[in-house]
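Undergrad: I have a structure here, written as structure tokens, and I will follow up with some questions on it.
The values are calculated or read from the model by the stated rules, or taken from the named source; none is laboratory data. No experiment lies behind these values; they were computed from the predicted model shown. Here the Cβ positions follow ideal geometry from the backbone for every residue, glycine too, while neighbour counts run over all protein chains shown.
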């Protein structure tokens, strides 16, 4: 705990008179963007599987927790020890199969029991919907996944991935019809429905759709950068390179995936 206490003292010093002007003017709301960015940078580090990068980004996420706790302590609301104790109590309460006498049969049983216990916690029983506890500020892809997974736990779900694939075909046909009609609002609706169904298929196939999309993004970047390298090597402007030449380089780059 000595290292952790050192971090707390550094944060308090940064916030104190004579400390850092930027740190001193931050609020819970002003730091939200930073917290979200740090979480995504950690996800990127985990994808890279580079220990030093992961360690650094974990530290940045931890800083956000300490920063918010320091702000709360200054306001007399709570402090970092309250955050830690609250978390410890929650972990013990939601794992009665570890810290109590409950019995579970596999990970799915653990999740169902977790949700049941979560709904019993303060203020959560009064929610009008089991979907109410899902933060609406989540990125849309993750929000869709959470909505579907939550509904699935009460039996509202397709039985098989094949059924979802049929739904995707249906949504694609509806999108094609909307495109033919030229109705921009309908096109946007149908694209949303198609993406939502694709997230559903990923879930049924035990694939993280966000991780899958980030993987495709990385592949796109790597392949596109090969086109840029070729253009620089040949002394060409990228915009002037023929499309078929770009496509040939793209296809060649796919072998490195």
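Undergrad: Restricting attention to region 121-142, report how many residues are surrounded by 10 or more Cβ atoms within 10 Å (Cβ to Cβ) and either in a loop (DSSP other than H, G, I, E, B) or modelled with pLDDT under 85 (or both).
TA: Number of matching residues: 10.
Undergrad: Something else about it: Residue under question is residue 35, and the condition is that it be in contact with a helix residue (DSSP H, G or I) (Cβ under 8 Å, 6 or more places away or on another chain), surrounded by 14 or more Cβ atoms within 10 Å (Cβ to Cβ) and at pLDDT 90 or above; does it hold? Even if it seems obvious, please write down each step before you answer.
TA: Details: in contact with a helix residue (DSSP H, G or I) (Cβ under 8 Å, 6 or more places away or on another chain): yes; surrounded by 14 or more Cβ atoms within 10 Å (Cβ to Cβ): yes; at pLDDT 90 or above: yes.
Here the answer is yes, as residue 35 does meet what is asked.
Undergrad: Moving on to the next point. Output the residues belonging to region 178-207 that are surrounded by fewer than 15 Cβ atoms within 10 Å (Cβ to Cβ) and without any contact (Cβ under 8 Å) to a residue 12 or more places away in the chain.
TA: Listed by number, the residues that qualify are 179, 180, 181, 182, 183, 184, 185, 188, 189, 192, 206, 207.
Undergrad: Right, something else. Is it true that some residue in region 211-224 is free of Cβ contacts under 8 Å to residues at least 24 places away in the same chain, under 29 Å from residue 147 (Cβ atoms) and surrounded by 13 or more Cβ atoms within 10 Å (Cβ to Cβ)?
TA: Within region 211-224 (the criterion being free of Cβ contacts under 8 Å to residues at least 24 places away in the same chain, under 29 Å from residue 147 (Cβ atoms) and surrounded by 13 or more Cβ atoms within 10 Å (Cβ to Cβ)), the answer is yes, since at least one residue qualifies.
Undergrad: In addition: Scan region 56-77 and report the pairs whose first residue is farther than 14 Å from residue 34 by Cα and whose second residue is at pLDDT below 95, with Cβ atoms within less than 8 Å and a gap of 6+ or a chain change.
TA: Final answer for the pair search is 56/45.
Undergrad: For the condition surrounded by 15 or more Cβ atoms within 10 Å (Cβ to Cβ) and either within 13 Å of residue 197 (Cα to Cα) or in contact (Cβ under 8 Å) with a residue 12 or more places away in the chain (or both), what is the one hit in 167, 118?
TA: After applying the criteria, what remains is 167.
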